[in-house]
Amino acid sequence: MHVVGVIAEYNPFHQGHAYQLRAIRARFHDEAAIVAVMSGSFTQRGEAAVLDKWRRADLAVRGGCQLVLELPFLFACRSAQDFAHCGVRLLQGLGCVDTLAFGAESPDLAPLMEAARAIDAPETQAALHEALRAGASYAKALTAILQEASGLAADLLRQPNNILAIEYLRAIRVYAQGIEPLLIERRGAGYHEASLGPLASASAIRGELVKAQPDFASLRDSLPEATYAAIRAAFPAEIASTERLFRPLLARLLTMKNHELEAIFGLQEGLANRLLAKIRQSQTLQELIAGMVTSRYPASRISRIVPHLLLGTGERAAREAAETGPLYARVLAFDEVGRELLHTIKERSTLPLITKVSAALNSRERLEGDLTPLQAMLALDTRATELRALALPDHAPLAALHQTDFITSPHFIRSAYHT
């Protein structure tokens, strides 16, 4: 069995994702097993996932994956570099992944590989550190330096999926040289495009879902049948919106001292003081984020601070996690082929496979707090699930509000994939 890994958010699973999985199957003549490493309750940009992670994993399996694993919160809600590197390290740790497939705006792998090599060159790193000390943003500084060092076009370096692709290639060179990269050229709307249609972006779909009266007719074209049905069933009571975390954020700041605030991951370099100043001038989370944005700190970085602050993620914990990488592989959903793949993973993986959270961490241990590094990483995943529930509407079903990792088992989807 040729095993292909994918690192994704599936927020939600849409026609572009389905296209990518079909392209993988076409490449390997339907003989590949696809394992996805997926963000859990919060995404890379700090947003609460619109659907809970088990429902999103179900839809991914119905759309063509055989196995879906959770990317731990400590890496899922982080920069593109950390997001990509953790995903690759998790796939490598499974001991059976042959290929990493990823989408990019570029049709050609060669310039992306050149960019990946150029980033890690000592002279590039030295120039980048100097630019950051001078106050430039990471993205702008890196783009300018790579343009000069490699001659690559700025447009290529600014595209979100190209950025992730470059980081995947960097991670493969460092952590997983036995895994082959497979580029699937991205089709359809760009990441930031707001229009709906057969290949609409996930951000356009999410933008429609925050409206009181979404255009469900247009959404039907943008989503596979199973995703469309799941969203219609969940709307509006079980669709999360990060904006609803504004008042919990206010309450959290009321109880924190300055030194506690400055210890939170992402709130260094004076951002804690800026947060306290701007929150007094804001009536919504969107206003707060917009007020905190500077040329050095883009909205994506500011947005990520919110869940980390609410969950109390420490700078030290985040730094240590970056060193260790993922400490487990958490199963969310699988089909019959995925079940066979799990047997292979149990034999070959260097990471413990978690199918039942309470076997590794129970609620009493989480409350007492004397945790191993694995338990501490897993505890953040469980708390992120519960924090996402606060982003649901006031009339959310009781079951959705109290769905936890301690009582929810991986989902088995029988005969899910249909060509």
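I need the calculated FRET efficiency for the pair HIS2 and THR372, taking r as the beta carbon distance and R₀ as 30 Å, to the nearest 0.05. In this case the efficiency is close to 0.30. Per residue, the solvent-accessible area of the chain (1.4 Å probe, heavy atoms of protein chains only, all protein chains present) comes to 44 Å². May I ask you to list the chymotrypsin sites (Phe, Trp or Tyr not before Pro) in the range 311-419 that are in a DSSP loop and have at most 16 other Cβ atoms within 10 Å of their Cβ? Passing sites in the range 311-419 are PHE406.
Spread over its residues, the convex hull of the C-alpha atoms of the chain is 140 Å³ per residue.
The GNM of the chain, with springs linking C-alpha atoms under 10 angstrom apart, assigns the highest mean-square fluctuation among ALA391, ALA237, ALA18 to ALA237. Scanning residues 5 or more positions from ARG330 or on other chains, those with amide H under 5 Å from its amide H are GLU70, ILE354, with H placed 1.01 Å from N in the peptide plane. Computed about its Cα centre, the charge dipole of the range 231-353 is approximately 420 debye, with only Lys, Arg, Asp and Glu carrying charge at their Cβ. Note on the range 102-224: percent of Cα-Cα distances in each 5 Å bin, starting at 0 and stopping at the bin with the largest distance, equals 2, 11, 17, 17, 15, 12, 11, 8, 5, 2, 0. A helix-only calculation puts the chain at -15500 deg cm²/dmol for mean residue ellipticity at 222 nm, using -39500 (n - 2.57) for each DSSP H run of at least four residues, averaged over all residues. Each of VAL174, GLY5, LEU199 was scored by the projection of its Cα onto the charge dipole of the chain, and the greatest displacement toward the positive side belongs to LEU199; charges sit on the C-beta of Lys, Arg, Asp and Glu.
Counting DSSP beta bridges in the chain, what percent are antiparallel, to the nearest 5?
Within the chain, antiparallel bridges account for around 20 percent of the total.
Projecting label points 7 angstrom from Cα along Cα→Cβ for SER195 and VAL293 puts them 2.3 nm apart.
Maximal additional length on extending the HIS343-ALA126 stretch stands at 73.6 nm, based on 0.36 nm per residue less the C-alpha distance. Against the criterion of solvent-accessible heavy-atom surface with a 1.4 angstrom probe, ASP30, ASP120 sort, most first, into ASP30, ASP120.
Please enumerate, by chain and number, the aspartates and glutamates with C-alpha under 12 Å from the C-alpha of LYS278, excluding those fewer than 8 residues away in the same chain. Counting by Cα, and skipping residues close in sequence, LYS278 has these aspartates and glutamates nearby: GLU287. The solvent-accessible area of LEU164, taken with every protein chain present and a 1.4 Å probe, is close to 40 Å². Given +1 at the Cβ of Lys and Arg, -1 at the Cβ of Asp and Glu and no other charges, the dipole of the chain around its Cα centre is 720 debye to the nearest 20. Only Lys, Arg, Asp and Glu carry charge here, each on its Cβ (+1 for the first two, -1 for the last two); on that basis the range 1-155 has a dipole of about 440 debye about its Cα centre.
Between the amide H of LEU182 and those of LEU100, ALA101, PHE102, distances stay under 5 Å, these residues lying 5 or more places away or on another chain, with hydrogens modeled in the peptide plane.
For the options PRO397, PRO298, PRO326, a Gaussian network treatment of the chain with springs between C-alpha atoms closer than 10 Å singles out PRO397 as fluctuating the most. Heavy-atom accessible area, probed at 1.4 angstrom with all protein chains present, ranks VAL88, VAL210, VAL293 as VAL210, VAL293, VAL88, highest first.
When GLU323, GLU70 are compared by accessible surface with a 1.4 Å probe, the order from highest to lowest is GLU323, GLU70.
The values are calculated or read from the model by the stated rules, or taken from the named source; none is laboratory data. Since the model is a prediction, treat every value here as computed from it, not as a measurement. Using ideal geometry, Cβ is built from the backbone for each residue, glycine included, and neighbour counts are taken over all protein chains shown. Side chains are part of the model used for accessible areas, which takes the heavy atoms of the whole protein and leaves out ligands, DNA and RNA. Shrake-Rupley method; radii C 1.70, N 1.55, O 1.52, S 1.80 Å.
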